[in-house]
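See structure below.
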Amino acid sequence: MAQRSHFVCFDPDTEGLESYLAGAREHLDIVLDQSETGMEIVSGTHRYVTEANWKLLLENGFDGYHLASTHKTYFQYLSGIWPEMPKNTLGTAVDLGNGHVALEHEAFFGRPIALWSPLFGEEMKDEIDDLRRKLIGKHGEKRGRRICDKGHNFLIFPNLVILDTIGIVIRVPEALEPGKMMVSAWQLAPKGESPALRAMRLNASSTFFGPGGFSTPDDVEVLELCQQGFEAGGVEWSDASCGMHNDQARLLDEFQLRVFWRGWLARMMERRLDGKEHSS
């Protein structure tokens, strides 16, 4: 990972990168291992302002619970293209340490790397299947299939979100005010992939995540309504208890939300996640 990506910190007293990333390194490697030639940021930035607290978008990025209800119109669109699309809700959430968290799930939409689905068109099947064979050949059956078949929504605390699903989106919300944030997002893709595969990747991802896509307008609408409700008062807590008593966190549980909020609280209380005070 360290040879294939760059991290910058202006705090001379910060802890080491490997220590801070903890379990998030594994999921970064899964993204970076999708290409032998390296990854690149695709030209162009998706930037917008939302009238909601920045932490709400973090909840949104790794919350499997809201997908079917909030993005109902997207699934209606998909069913018109792919009537037999599987209704898969298999997945799990993992605490990666230091407030980082990942949601790993079956990629039932398909993945440009490298799980073909009818959404990509028959003309792309051979190329995607060839990429799949190469990845499994290089990384072995278990890891290769994990790279090809699994979606990964993960947070590097506090506000770096990587959505590795039907494309790869890097998303960063930044607070402008307590009730307003600016969101910046970029597409990540393998260097040197064919023009046809690049065009398909960007189209598939932008159809969901883009400024005119099915996802972003829905999410913005709901987050702003949530913010209005919070500002109205009357409710002391935001309930994130779903699945609290399950031994294994499921896709539709809220374990991942609790991981983030505990990390946030620990820092607000000037404590490490192990309960020790920060050195002064």
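Things worth noting here:
- Taken over the chain, the convex hull of the Cα atoms encloses 151 Å³ per residue.
- Structure-based [θ]222 nm, the chain - -39500 (n - 2.57) summed over DSSP H runs of at least 4, per residue, nearest 500: -11500 deg cm²/dmol
- Within a Gaussian network of the chain (alpha carbon springs, distance under 10 Å), most fluctuating of T50, T14, T73: T14
- The stretch 188-254: Rg to Rh, with Rh as the Kirkwood radius over Cα pairs: 1.19
- Taking other residues whose beta carbon is less than 13 angstrom from the beta carbon of A196, and scoring Lys, Arg as +1 and Asp, Glu as -1, yields -3.
- Tilt relative to the chain, helix 195-209 - C-alpha long axis, 0 to 90 degrees, to 10: 40
- Intensity falloff of the stretch 116-219 expressed as log10 I(q)/I(0), Debye formula with alpha-carbon point scatterers, at q = 0.14, 0.20, 0.25 Å⁻¹: -0.65, -1.16, -1.49
- Applying the Karplus relation 6.51 cos²θ - 1.76 cosθ + 1.60 with θ = phi - 60° to the stretch 145-158 yields 3J(HN,Hα) values of 5, 5, 5, 7, 9, 10, x, 9, 9, 9, 10, 9, 4, x Hz, where x marks Gly and Pro.
- Per-selection metrics, the stretch 34-193 (Cα): Rg and Dmax in Å: 16.7, 49
- Whole-Hz ³J(HN,Hα) from phi, Karplus 6.51 cos²θ - 1.76 cosθ + 1.60, for the stretch 94-111, glycine and proline x: 10, 7, 9, x, 6, x, 6, 8, 10, 10, 10, 8, 5, 8, 6, 6, x, 9
- Once the C-beta distance of R47 and D11 is scaled by a Förster radius of 35 Å, the resulting FRET efficiency is 0.85 to the nearest 0.05.
- L96 long-range amide H proximity, modeled H, under 5 Å: V101, A102
- Nearest 10 degrees, 0 to 90: helix 215-232 Cα axis against the chain principal axis: 10
- Here the contact order of the chain, divided by its residue count and restricted to Cα pairs under 8 Å and six or more residues apart, works out to 26 percent.
Throughout, read-outs are computed from the coordinates displayed, never taken from laboratory work. Since this is a predicted model, take the numbers as computed values, not measurements. Every residue, glycine as well, gets a Cβ built from its backbone with ideal geometry; the counts of neighbours run over all protein chains shown.
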